[in-house]
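The values are calculated or read from the model by the stated rules, or taken from the named source; none is laboratory data. Because the structure is a prediction, the values reported are computed rather than measured. So basically every Cβ, Gly included, is an ideal-geometry build from the backbone, and we count neighbours across all protein chains shown. With ligands, DNA and RNA removed, areas are computed over all heavy atoms of the protein, side chains included. Shrake-Rupley method; radii C 1.70, N 1.55, O 1.52, S 1.80 Å.
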Amino acid sequence: MLTSVIGGARIPAGPRSYRSTDPSRVTDLVAEVSLADAAGLVRACRAARTAQDAWRDVPAPVRGQVVASIGRLVEANTPALARVVAREVGKPYAEALGEVQEIADTCAFFLGEGRRLYGQTVPSEMPDKQLFTFRDPVGVVAVVTAGNFPVAVPSWYIVPALLCGNAVVWKPAEYAAACAEAFYRLFAHAGLPAGVLNVVFADGPETYAGLERALGEGLVDKVGFTGSTEVGSRIGELCGRHLQTPCLELGGKNPMVVTEDADLPLAVEGALFSGFGTAGQRCTSLGTAIVHESLHGAFVRLLDEAVRAAPVGDPFEDVLYGPLINERFAGGFEKTLGWIGPGHAVHGSSGTGRITAANPRAGFVGDPEAGLFYHPVIVDGVGPGDELFMNETFGPVIGVAPYRTLDEAIALANAPGYGLSASIYTTDPAKVFRFRRRISAGMVSVNNSTSGAEAHLPFGGNGRSGNGSRQSGVWVLDQFTRWQSMNWDHSGRLQKAQMDVRAIAPDLDFRL
């Protein structure tokens with residue numbers, strides 16, 4: 001049984017547990033997990049507080065070398081870690097390999113930042129006085145992550161947090177506990193001191209209660225959360241009570257605008273990957289394709305053909321996507337399918353709902369009865385009056401809506417109120433910059449899918465997708481450090497800012 005790790009030691013198994021199963025073979029137990037309570041999370045935060053002082057005093061370039069060791073360990077264990085990801089959350093193995101590569105890329109980037117946590121020397125308005133700025137770690141970082149990207153997304157928080165000199169308490173998704181265990185073991189073997197990285201397995205209510213207590217006791221200095229908009233708003237409110245700004249990466253209803261001059265086959269390929277890769281269970285998955293009326297019919301026809309031809313099934317085979325992550329996500333997707341109304345046209349497969357022997361899909365790979373496999377769905381004719389158009393769906397479904405003018409397309413794209421990722425397919429640069437200027441998304445792709453993060457580019461959203469915080473690249477350093485300024489007057493006398501500044505008189509009445 002997997003148990004939490006606090007201060008470098010395993011805690012005893014408690015009375016409550018969770019069974020993590022393989023969603024492609026739901027009878028296959030991957031891990032049994034002992035769930036900690038709120039007090040366990042508080043103990044982990046206390047252990048992190050104890051460990052953080054010594055870790056902060058390790059020179060940043062040395063912390064960078066630890067990050068480099070993590071990256072090397074990840075690279076050496078890539079196939080094994082990818083197999084765990086594919087088995088526990090049903091991600092196709094090829095995608096799982098890419099996810100593990102994201103950890104290695106993140107480590108490669110932040111290795112260098114260990115030697116570039118630059119402050120500045122700032123000129124003073126006074127003689128014989130020096131001004132400096134420094135980046136200091138925030139302290140203890142509590143990280144709560146979802147399980148759709150069970151190892152890549154945690155690395156976006158944990159690697160830079162550690163590099164900056166913070167101690168971390170990580171609460172992974174309990175349904176991705178085996179992934180979290182493998183991730184932790186790689187980090188621990190890189191030489192992290194006990195208590196610098198703590199892992200707490202817990203459910204949502206106990207996590208919130210523990211976080212509330214830890215914040216109240218002053219044990220947590222920064223919260224990072226990836227998950228639903230609803231839970232993120234509660235965490236944001238909780239942190240606000242303590243005058244903290246969390247790093248929130250929330251849901252998305254990501255639009256793809258296809259203009260009249262777009263490369264249509266390329267747009268269809270992008271829609272296929274961003275709408276149905278990872279079974280639509282990405283925060284950056286395509287929500288609605290907003291297609292110019294002159295291409296609308298052809299787009300729907302070509303996308304329907306592409307989706308029907310795409311293999312679905314066993315994640316260890318060559319498939320577009322595998323199962324939904326677990327029963328909870330399957331239940332949520334069933335609710336989404338209930339939003340399809342009589343005014344919508346459905347395309348993409350031989351049926352809707354769960355794929356079974358009685359509701360088959362042509363070309364299915366594997367045994368549909370064994371897992372949580374669902375038909376891909378294209379819903380044409382959606383609009384702002386539809387729940388399907390306005391809400392994140394988190395499953396293998398995309399909507400299609402026609403438009404006439406680019407202004408109308410942008411209005412449709414912004415209407416749901418999310419602002420994570422958006423894409424435009426066009427050959428007109430003027431349309432690109434007009435779209436970029438007015439779209440609410442934090443990330444914009446041109447002639448590319450709505451999905452696809454790189455380790456050195458800022459990742460994050462606005463509106464219902466987040467609070468404007470950014471992960472990845474140098475931008476995330478502002479989440480895990482605080483700026484400290486220092487002035488050093490070596491003149492031997494008190495010099496008062498703004499009062500004792502030398503004045504040089506100009507002749508402002510001069511005219512040529």
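With the requirement that a residue be of a type in the set (D, E, K, R) and assigned to a strand (DSSP E or B), what does the stretch 458-512 give you?
Hits for the stretch 458-512 are Arg482, Asp489.
State all residues of the stretch 161-185 that are among the charged types (D, E, K, R) and either surrounded by 24 or more Cβ atoms within 10 Å (Cβ to Cβ) or in contact (Cβ under 8 Å) with a residue 24 or more places away in the chain (or both); if no residue qualifies, say none.
Of all residues in the stretch 161-185, those among the charged types (D, E, K, R) come to 171, 174, 181, 185.
Correct list: Lys171, Glu174, Glu181.
Where residues in the stretch 89-124 are open to solvent by 10 Å² or more (accessible area, probe 1.4 Å) and assigned to a loop (DSSP other than H, G, I, E, B), which of them is farthest from Ser155 (Cα to Cα)?
It comes out as Ser124.
Within the stretch 286-308, which residues are hydrophobic (A, V, I, L, M, F, W, C) and either over 30 Å from the mean Cα position of the chain (by Cα) or within 16 Å of Leu406 (Cβ to Cβ) (or both)? Give the derivation first.
The initial filter retains those residues of the stretch 286-308 that are hydrophobic (A, V, I, L, M, F, W, C), namely 286, 289-291, 295, 298-300, 302-303, 306-307.
Within the stretch 286-308, Ala289, Ile290, Val291, Leu295, Ala298, Leu302 meet the criteria.
Looking at the stretch 143-160, is at least one residue in contact (Cβ under 8 Å) with a residue 60 or more places away in the chain, closer than 24 Å to Pro23 by Cα, assigned to a helix (DSSP H, G or I) and not basic (Lys, Arg)?
Looking through the stretch 143-160, at least one residue is in contact (Cβ under 8 Å) with a residue 60 or more places away in the chain, closer than 24 Å to Pro23 by Cα, assigned to a helix (DSSP H, G or I) and not basic (Lys, Arg).
Taking the stretch 257-310 as the search range and keeping residues that are among the hydrophobic types (A, V, I, L, M, F, W, C) and part of a loop (DSSP other than H, G, I, E, B), which one is surrounded by the most Cβ atoms within 10 Å (Cβ to Cβ)? Show your work before the answer.
Residues of the stretch 257-310 that are among the hydrophobic types (A, V, I, L, M, F, W, C), as a first pass: 257-258, 262, 264, 266-268, 271-273, 276, 279, 283, 286, 289-291, 295, 298-300, 302-303, 306-307, 309-310.
Subsequent filtering for residues that are part of a loop (DSSP other than H, G, I, E, B) retains 262, 283, 295, 310.
Working: Ala262: 23, Cys283: 29, Leu295: 19, Ala310: 17.
For the stretch 257-310, the residue satisfying everything is Cys283.
Tell me, please, whether a residue that is touching a Cys at 6+ places or on another chain (Cβ under 8 Å) and open to solvent by 10 Å² or more (accessible area, probe 1.4 Å) can be found in the stretch 227-246.
Checked against the condition, which is being touching a Cys at 6+ places or on another chain (Cβ under 8 Å) and open to solvent by 10 Å² or more (accessible area, probe 1.4 Å), the stretch 227-246 yields at least one hit.
Asp489 passes all but one of (1) open to solvent by less than 80 Å² (accessible area, probe 1.4 Å); (2) within 24 Å of Leu163 (Cα to Cα); which number fails?
The number of the failed condition is (2).
Please return the ranges of strands (runs of 3 or more DSSP E) entirely within the stretch 357-435 where 1 or more residues are aromatic (Phe, Trp, Tyr) and surrounded by fewer than 23 Cβ atoms within 10 Å (Cβ to Cβ).
Filter on the stretch 357-435 gives 397-403.
In the stretch 186-206, how many are outside any loop (DSSP other than H, G, I, E, B) and open to solvent by 10 Å² or more (accessible area, probe 1.4 Å)?
5
Just to be sure I understand the filter: pairs with C-beta atoms under 7 Å, separated by 6 or more residues or on different chains, first member in the stretch 352-368 and over 17 Å from Ala279 (Cβ atoms), second member in a loop (DSSP other than H, G, I, E, B) and open to solvent by 60 Å² or more (accessible area, probe 1.4 Å). Which pairs pass?
Listed pairs, sorted by first residue: Pro360/Ser350; Ala362/Ser350.
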